[in-house]
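Below is one structure, written out as structure tokens; comments come after it.
The values are calculated or read from the model by the stated rules, or taken from the named source; none is laboratory data. Quick caveat, the model's predicted, so the values are computed rather than measured. No Cβ is skipped: glycine too gets one built from the backbone with ideal geometry, and neighbour counts run over all protein chains shown.
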Amino acid sequence: MANKTPTLRCELTAVLITGPCRPARLDLRYDPDEGFTVVLRIRAAIEATEPLPTLWRLSRDLLDEGLHVPTGIGDVRVRPLSDDWTLIERLAPDVRAVLVVGAADLRHFLGETFRLVPRGEDGCTVDWDAALRSLEA
């Protein structure tokens, strides 16, 4: 399946509150060919001793739902802190990372993704043959 819709990219400012609080830049990417997934890359001053994952693959629906109510039961959890701020946590056994993101910025980015691929149509844009090939590799 050819990608006829462009990849959506956005850069946001966040606060990384793992260890000493510090500002971070987040690069968000949504590729309609990946349908369900938002890729988040953290750019922050990270000390070499911190095992912080800098690339996360998150469910678009998880992020959207987490703007309104606490959600997530696995390694990633998202919840509103207030009307203005959203908390995104990664709680892997060996790594804990916590980000605070402006809710309006995240809501705007997700709104753009839903304009590209409407809610519930995520699976229609995925190239399932390519996804299966990547699992075999």
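Observations, loosely collected:
- Of everything in the stretch 15-29 that is part of a strand (DSSP E or B) and hydrophobic (A, V, I, L, M, F, W, C), the residue that is farthest from TRP85 (Cα to Cα) is LEU28.
- Some residue of the stretch 41-56 being modelled with pLDDT of 70 or more, loosely packed, with under 11 Cβ neighbours inside 10 Å and not in a loop (DSSP other than H, G, I, E, B): yes
- Near pairs, Cβ below 7 angstrom, 6+ apart or cross-chain, from the stretch 81-109 (without any contact (Cβ under 8 Å) to a residue 12 or more places away in the chain and of a type in the set (Gly, Ala, Ser)) to any residue that is surrounded by 17 or more Cβ atoms within 10 Å (Cβ to Cβ) and assigned to a loop (DSSP other than H, G, I, E, B): none
- Hits in the stretch 4-24 (condition: touching a residue at least 60 places away in the same chain (Cβ under 8 Å) and among the β-branched types (Val, Ile, Thr)): THR5, THR13, VAL15, ILE17, THR18
- Filter result (in a strand (DSSP E or B) and more than 11 Å from the chain's Cα centre (by Cα)) within the stretch 57-76: THR71
This table checks each residue for (1) among the β-branched types (Val, Ile, Thr); (2) exposed (fewer than 14 other Cβ atoms within 10 Å of the Cβ).
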residue: ARG60; (1), (2): no, no
residue: LEU67; (1), (2): no, no
residue: PRO70; (1), (2): no, yes
residue: ASP75; (1), (2): no, no
residue: LEU81; (1), (2): no, yes
residue: ILE88; (1), (2): yes, no
